[in-house]
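The values are calculated or read from the model by the stated rules, or taken from the named source; none is laboratory data. These numbers come from a predicted model, not from an experiment. For neighbour counting, all protein chains shown are included, and Cβ atoms are generated from backbone atoms with ideal geometry for every residue, glycine included. Protein only, heavy atoms only, side chains kept; ligands, DNA and RNA dropped before computing areas. Shrake-Rupley method; radii C 1.70, N 1.55, O 1.52, S 1.80 Å.
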Amino acid sequence: MKIINMLPILSFGDAVGNDALAIHHSLQKAGYECVLMADHTAPKIGQVENVRSTADLSIIEPDDVVIYHLSTGHLLNLRFIELKCKKIIRYHNITPPYFFCGYHTILLHNCMDAYNQVRMMAPYADFCLADSAYNKQELIRLGYRCPIEVMPILIPFSDYDKKPDEDIMQQLQDGMTNILFTGRIVPNKRQEDIIAAFDVYQKQYNPNSRLILAGNYEGMEKYYQKLQQYIRDNHTQHVIFSGHISFEAILAYYRSADLFLCMSDHEGFCVPLVEAMYFNVPIVAKNTSAIPYTLGGSGFLLDRPTPVETAGVMNRILTDEELRNRIIEGQKERLSEFSHDVVEQQLFHFLQSYL
């Protein structure tokens, strides 16, 4: 029996790809015969991992198990239906198409196709592993009747102990208050709401502050230009767009952050929240989609927040040491539930129960 982690695109630094790699490595370590398969593999990953192409699915035998990472529309989703083996769907969620209206027609249609394909795949899954309770409920809504369990993203936290970019660390440790959000520049993450809240915070509470939006905006230039225009119109100062950056740069941003601000309208899990927990950065976030699940009672959640309300909360946390420490302690408790060993044991338990 082989266990095959399969996905359409294995990208470097992508949460879905990282989860597939982490599961693959954990199963290998446990002694399983494992294979990684992808339709497209980033060259940087291909240099260090033996990834098989999905052009040849004939290597899959009836007693094999495929863990299929589902997060996008792709023809491979339909080929999954035809596989003659044990089939597990690892569901990472699909971004609702309407977020891309006016910004990216191809992504809009891809997400529409994805939802149709997810529904089509429902009768052919033997078991599902959703990475949040929110995603489990979505699978049920989309017609899945097989057993569905919740297992968080498997995160190898040892990676975060690597050396950060020293130049960025030096630039950011200049006495200014650093507000951080990490994630692709895309409409569902509502970077405009982050900027609006920061604008109020900067003008009403702390002019000696900067906002760092660490994420790639390639393919989302229309949305990026909208954000830039908003900044110009409001004369907001000290807003940094990192663009595509190295992992060492991301580490430097987390280590220099005073507060993590997430105003996203849609997340299937939101790994950056867990990363902020790891670096003891207090979190303020909008109460939407999977965010309350991932925070698990930690951080500071806001329902339908206005920029004025959000800015006030930011200032309170940044000036009230007792509150800040209480939030960080709560985040540490929640972080323990995402530890690599804990989630890895969940993986082994679920596989043994359903194989």
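The table below lists the values:
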{"quantity": "Protection proxy ranking, peptides 165-176, 258-269, average beta carbon neighbours within 10 Å, highest first", "calculated": "258-269, 165-176"}
{"quantity": "Long-range amide H partners of V239 with built H, under 5 Å", "calculated": "L211"}
{"quantity": "Rounded if a/c under 1.5, otherwise prolate or oblate - the range 1-86, Cα gyration tensor axes", "calculated": "oblate"}
{"quantity": "Extension reserve of the K44-R184 stretch, reckoned as 0.36 nm per residue once the Cα distance is removed", "calculated": "48.5 nm"}
{"quantity": "Three-way shape call for the range 164-207 based on the alpha-carbon gyration tensor, with the a/c threshold at 1.5", "calculated": "oblate"}
{"quantity": "Label assignment, volume of the Cα convex hull per residue in Å³ derived from the structure, set (1) 199; (2) 131; (3) 123", "calculated": "(2)"}
{"quantity": "Spin-label pair A133/E82, simplified geometry with 7 Å Cα→Cβ offset, distance in nm", "calculated": "4.0"}
{"quantity": "Alpha-carbon centroids, the range 227-268 and the range 6-73: separation in whole Å", "calculated": "31"}
{"quantity": "Added length on full extension, which subtracts the Cα-Cα distance from 0.36 nm per residue, Y124 to H349", "calculated": "78.8 nm"}
{"quantity": "Neighbour-limited loop hits for trypsin sites (Lys or Arg not before Pro), the range 63-96 (at most 16 other Cβ within 10 Å; DSSP other than H, G, I, E, B)", "calculated": "K84"}
{"quantity": "Apportionment of accessible area to carbon and sulfur, the chain, percent (1.4 Å)", "calculated": "49"}
{"quantity": "Size of electric dipole in the range 1-75: Cβ of Lys, Arg +1 and of Asp, Glu -1, about Cα centre, debye, nearest 20", "calculated": "220"}
{"quantity": "Average accessible area per residue (Å²) across the chain - probe 1.4 Å, nucleic acids and ligands excluded", "calculated": "44"}
